[in-house]
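Below is one structure, written out as structure tokens; comments come after it.
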Amino acid sequence: MKLSDLFRDRTQGRDCPGDISFREFLEEKAADMDPLTPDDLEKWISDGHFALFGEVPGQWWTEVGIPLLKVRARGVLVTAFEPFGGETMNPTEAILGELPETVGSFALRKLLLPVEFARARETACAEYDRLRPAAVVMLGQAGGRSTVTVETTGKNVMNGRIPDNSGYEPHGEPVDENGPEKLFSSADVDGIVRAVSAAGIPCERSDDAGEYVCNALLYGMLFHNGGKVPTVFIHVPYATEQGHIDKPSMEIRDMTRASLAAIRSVTEQIESGIVGM
């Protein structure tokens, strides 16, 4: 049985004596374990034994004979954006607030990003390094599109049809001078499209993420993590609440359902071995 299952039984079971932190639980289990070698611990991590976000291990590990190593979190980093372009809201920020804390056995780590070419990807990549998630799902607004669109491709170019929120307005600069022309989503895009469509939300794949901050974030994250974990970007239309009566829009609740179906699809891809952690 995985440690995550034991922890859940320990904290939510019928005979649960009270709250216990993940660290306290591991300390309790460590008393029954032989000291682990680095190879042992890495195998436990890859096998999914450490399947919850818990307290970051510190000196405590060495006190119980376990080497001081970072534990890879079994979770999904989900990002969204603040308003931009004169809008008072961004539907992805509202979606982020509506998403649950967990999807199956995966914890969701939610991150709101600035609409700034450099700072958005720097912030997201720093959080990726800190959390070491099993997947990355990024959300952005594509005003004018009528469906949820799952992006396949990040381009190594930045063009600002309007300045970003810091005032920066690039014209053809690369996202990364050392990167290739294009990088491709490391999740099963068509599987995500099918999952969102099955939830009753219009959804299509897209091979063009634009050249604004959304594209720069997708490209930057793929370049940073090398596609080692499922990484995908999803665009949503205007929200009905934004009042663009002359353009396609969608209710926040439907976009939230679509995002949740997409995240669930990614976690199921991991569980089934279609894509790896």
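Across the range 191-239, the qualifying residues are those that are aliphatic (A, V, I, L, M) and in a loop (DSSP other than H, G, I, E, B), and the one among them that is nearest to the chain's Cα centre (by Cα) is V229.
Just checking, does the range 148-161 include any residue being within 14 Å of the chain's Cα centre (by Cα), among the basic types (K, R) and modelled with pLDDT under 95? No, because not a single residue in the range 148-161 is within 14 Å of the chain's Cα centre (by Cα), among the basic types (K, R) and modelled with pLDDT under 95. Residues in the range 141-154 that are within 13 Å of Y219 (Cβ to Cβ) and either crowded, with 21+ Cβ neighbours inside 10 Å or touching a His at 6+ places or on another chain (Cβ under 9 Å) (or both): 2 in all.
Suppose we filter A107, A134, A124 for residues that are within 20 Å of G220 (Cβ to Cβ) and out of contact with any Lys or Arg (no Cβ under 6 Å at 6 or more places or on another chain); which single one remains? Every option except A124 fails the conditions. Using the structure shown, decide if A134 is at pLDDT below 95 and either surrounded by 18 or more Cβ atoms within 10 Å (Cβ to Cβ) or not polar (S, T, N, Q) (or both). The answer is yes for A134. Among the residues making up the range 250-277, those that are modelled with pLDDT under 95 and over 15 Å from the mean Cα position of the chain (by Cα) are E271, S272, G273, I274. Can you spot a residue in the range 162-174 that is in a loop (DSSP other than H, G, I, E, B), among the hydrophobic types (A, V, I, L, M, F, W, C) and exposed (fewer than 15 other Cβ atoms within 10 Å of the Cβ)? For the range 162-174, residues in a loop (DSSP other than H, G, I, E, B), among the hydrophobic types (A, V, I, L, M, F, W, C) and exposed (fewer than 15 other Cβ atoms within 10 Å of the Cβ): present.
The residues of the range 91-103 that are in a helix (DSSP H, G or I) and free of Cβ contacts under 8 Å to residues at least 24 places away in the same chain, listed by number, are E93, G97. Number of residues in the range 115-131 that are touching a helix residue (DSSP H, G or I) at 6+ places or on another chain (Cβ under 9 Å) and surrounded by fewer than 17 Cβ atoms within 10 Å (Cβ to Cβ) equals 2.
Selection of first residues in the range 189-209 that are among the hydroxyl-bearing types (S, T, Y) and of second residues that are assigned to a loop (DSSP other than H, G, I, E, B) and surrounded by fewer than 21 Cβ atoms within 10 Å (Cβ to Cβ), restricted to Cβ pairs under 7 Å at least 6 apart or on distinct chains, gives the following pairs, ordered by first then second residue: S206/T152. The residues of the range 104-131 that are part of a strand (DSSP E or B) and either at pLDDT below 90 or aromatic (F, W, Y) (or both), listed by number, are F106, A107.
The values are calculated or read from the model by the stated rules, or taken from the named source; none is laboratory data. Just so you know, these numbers come straight off a predicted model, no measurement behind them. Positions of Cβ are backbone-derived with ideal geometry, glycine not excepted, and every protein chain shown enters the neighbour counts.
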